[in-house]
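To start, the structure under review is shown below, and the notes come after it.
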Amino acid sequence: MKKVLFATTALVATAGVASAEVAVTGWAEMGLFGGDNAMGMGIETQFFTDIDVLFRMSGETDNGLTFGAGVDLDESTNDNGAGNTGGAFNPADDGGAFVFLSGNFGTVTMGDTDGALDWALQDADYGNAGSIADDETAHAGFLDTYGDGAYDGQILRYDNTFGDFGVALSVEMDDTGMMDTGFALGFRYGMDLGGADVGFGVGYQFIDVSNYLPGNLSSIAIPAQDFDGEYDIFGISASVASNGFSANIEYTDFSSDTAGEEEASHVSLGLGYTTGAITVSANYGIWDYSSDVAAFDGDITGFGLAAAYDLGGGASIHAAYGVSDYSDLSGAPAAFDDLETWSLGVALSF
């Protein structure tokens, strides 16, 4: 997820809808990236380019109901960065598209949006400086999905706020009809303590999927049945920001007893600091896995570092480094050990 602020160009439609508006934003990045892959082989230093365009549409009915939609062209074309593009917009997985309705009753959003648990929790990238290749958030210790997208990625979420308190409920359906509908419930609370912004989040999510791997296990060759069935996910987070400093801590627990007993827990910490045009940030995460189905136990850890210098006018220089460590995880392929990535470049927001 890119952390660059977007400038907005608004196009106002005057025919038929008095308050309709279309906003076009975007960013472009260029630079270098490299590192070492999990097999101990170097990733050749190479060029990195990435471009994204986002459309946001909004309007208002005569009685004050607001509505809108959006689409992310980067996601809708399966652009994975580094010049790797392919595929077409696929409504089946939303491709970065969402639609919402909002009023005194709250907000209803459908499409590529956060589930209630993800909506409630603050990730470890709080105060993140950002990077062109997301190295600081792509490591195995980072968590930001909390079970969202376990089915087809289309989520229906209702959320509402009451002063400093917010609540959300979300549903994700299985298109095949073979698994139970997934749902989530989330709560968050924010307050100002003498100039320090403090936030808390807590939530629960249920999913019922085959071969669901919590965290970054998709690249490890383990039997499909090792992580299978119904999962209960509980998460809680706390964050604070004051005078340029930011900090966040998060805990998430995954549990399943359908195909044996699989357990996973995740803890993360994020720190950031901004002074003038300079922002620096760091985050650390650890996964603790255990499974009765196969000898698959131990920890996966990772950390990320990022720095940015704001040149003004929407341009900034970014550098980042990320490390993933699988060495404590039994049951993983013997060649699997550490993964290191880095990137350096310029981000341009429009």
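The values are calculated or read from the model by the stated rules, or taken from the named source; none is laboratory data. Given the structure is predicted, the values throughout are model-derived calculations rather than measurements. Here the Cβ positions follow ideal geometry from the backbone for every residue, glycine too, while neighbour counts run over all protein chains shown.
Please state which one of Met191, Met173 is touching an Asp or Glu at 6+ places or on another chain (Cβ under 6 Å) and either closer than 14 Å to Asp112 by Cα or surrounded by fewer than 16 Cβ atoms within 10 Å (Cβ to Cβ) (or both). Only one candidate qualifies: Met191. For Asp152, are the conditions met, namely being more than 27 Å from Ser324 (Cβ to Cβ) and under 18 Å from the mean Cα position of the chain (by Cα)? The answer is yes for Asp152. A single entry from Ile233, Ile207 fulfils the requirement of being at pLDDT below 90, crowded, with 18+ Cβ neighbours inside 10 Å and within 26 Å of Asn160 (Cβ to Cβ): Ile207.
Among the residues making up the range 317-337, those that are at pLDDT 85 or above and either crowded, with 22+ Cβ neighbours inside 10 Å or within 19 Å of Thr45 (Cβ to Cβ) (or both) are Ile317, His318, Ala319, Ala320, Tyr321, Gly322, Val323, Ser324. Inclusion of Asp118 among residues that are surrounded by 16 or more Cβ atoms within 10 Å (Cβ to Cβ), at pLDDT 90 or above, closer than 30 Å to Ala282 by Cα and acidic (Asp, Glu) is warranted. So, Phe165, is that one of a type in the set (Phe, Trp, Tyr), in contact (Cβ under 8 Å) with a residue 12 or more places away in the chain and surrounded by fewer than 18 Cβ atoms within 10 Å (Cβ to Cβ) or not? Answer is yes for this residue.
Residues are listed down the side, and each one gets a yes or a no for (1) at pLDDT 95 or above; (2) under 22 Å from the mean Cα position of the chain (by Cα); (3) among the acidic types (Asp, Glu); (4) surrounded by fewer than 16 Cβ atoms within 10 Å (Cβ to Cβ):
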position	(1), (2), (3), (4)
Gly31	yes, no, no, no
Gly35	no, no, no, no
Thr45	no, no, no, yes
Thr61	no, no, no, yes
Gly64	no, no, no, yes
Gly70	no, yes, no, no
Asp74	no, yes, yes, no
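Within the range 1-29, restricting attention to residues that are over 27 Å from Tyr126 (Cβ atoms) and part of a strand (DSSP E or B), the residue that is modelled with the highest pLDDT is Val24. Looking at Tyr251, is it within 15 Å of Gly270 (Cβ to Cβ), surrounded by fewer than 19 Cβ atoms within 10 Å (Cβ to Cβ), hydroxyl-bearing (Ser, Thr, Tyr) and modelled with pLDDT of 90 or more? So Tyr251 fits the description; yes.
Within the set of pairs 6+ apart or on separate chains, which have a first residue in the range 52-66 that is without any contact (Cβ under 8 Å) to a residue 24 or more places away in the chain and more than 15 Å from Ala23 (Cα to Cα), a second that is part of a loop (DSSP other than H, G, I, E, B) and not charged (D, E, K, R), and C-beta atoms under 9 Å apart? Within 9 Å, the pairs are Thr61/Ser19.
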